[in-house]
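Undergrad: Dropping a structure here in structure tokens format, bear with me for questions.
Where a number appears in this text, it was derived from the coordinates with a stated rule and is not lab data. Please read these numbers as outputs of a predicted model, since none were measured by experiment. Cβ placement follows ideal geometry from the backbone for every residue including glycine, while neighbour counts extend to all protein chains displayed.
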């Protein structure tokens, strides 16, 4: 059987990495093979590009340059990690994927959504998740969580202002409204156990 592809999206401090691990544990307890990965990264080539994207001054790259770098990293990630795992029957849980590019470089960065999708169509053959969860937290709460986690080591994206991150949150909400078959919006401002239960409930139609 072919596997499934799940992505977790949301702003800074939404708990995506934590919930990716917790969801993987829950699915493995049901006897499923699970691969947890992340973007940017998840393959040797993509991890090399991750270092270029996350470090340095905020103006190191323009939104267009970022979109190209993310698309290149994603193409390698899909080819080397995601697609082989799905084809082997595993469930892939990805901490960020295409919709982060659509939100950060697209709506918040000023690039047309069609251009982001065209890059994805070329680089990654248009592969979309079976289910995308948007973990929502208020921008202020997310910033506080990220600062508590990262201290002074915030990356180029986390260090951007609240107005930028509000635009990112609005973009994710817009995608979820326009693509209800793929997206589920999860209140991630609550406790981790409740969030994990909501994620599992949002997979009920896909679970064997």
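Undergrad: Scan segment 16-26 for residues that are surrounded by fewer than 20 Cβ atoms within 10 Å (Cβ to Cβ) and either under 11 Å from residue 92 (Cβ atoms) or touching a residue at least 40 places away in the same chain (Cβ under 8 Å) (or both) and report the count. Don't jump to the end; show me each part of the working.
TA: Of the residues in segment 16-26, the ones surrounded by fewer than 20 Cβ atoms within 10 Å (Cβ to Cβ) are 17-18, 21-22, 24-26.
Right, trim to either under 11 Å from residue 92 (Cβ atoms) or touching a residue at least 40 places away in the same chain (Cβ under 8 Å) (or both) and you get 17-18, 22, 24, 26.
Counting residues in segment 16-26 that are surrounded by fewer than 20 Cβ atoms within 10 Å (Cβ to Cβ) and either under 11 Å from residue 92 (Cβ atoms) or touching a residue at least 40 places away in the same chain (Cβ under 8 Å) (or both) gives 5.
Undergrad: For segment 33-63, enumerate the residues that are assigned to a helix (DSSP H, G or I) and either over 19 Å from the mean Cα position of the chain (by Cα) or surrounded by 12 or more Cβ atoms within 10 Å (Cβ to Cβ) (or both). Spell out how you get there, then give the answer.
TA: To start, the set of residues in segment 33-63 that are assigned to a helix (DSSP H, G or I) comprises 44-54, 63.
45, 46, 47, 48, 49, 50, 52, 53, 54, 63 - these are the residues of segment 33-63 that are assigned to a helix (DSSP H, G or I) and either over 19 Å from the mean Cα position of the chain (by Cα) or surrounded by 12 or more Cβ atoms within 10 Å (Cβ to Cβ) (or both).
Undergrad: If you don't mind, there's one more thing I want to ask. So residue 30 clears everything in (1) surrounded by fewer than 21 Cβ atoms within 10 Å (Cβ to Cβ); (2) in contact with a helix residue (DSSP H, G or I) (Cβ under 9 Å, 6 or more places away or on another chain); (3) under 22 Å from residue 130 (Cα atoms) except one condition, right? Which one?
TA: Failing condition for residue 30: (2).
Undergrad: Suppose we keep only residues that are touching a strand residue (DSSP E or B) at 6+ places or on another chain (Cβ under 9 Å) and without any contact (Cβ under 8 Å) to a residue 24 or more places away in the chain within segment 182-198. Which one would you say is surrounded by the most Cβ atoms within 10 Å (Cβ to Cβ)?
TA: For segment 182-198, the residue satisfying everything is 198.
Undergrad: Run residue 66 past the list (1) within 15 Å of the chain's Cα centre (by Cα); (2) crowded, with 17+ Cβ neighbours inside 10 Å and report the number of the one that doesn't hold.
TA: (1)
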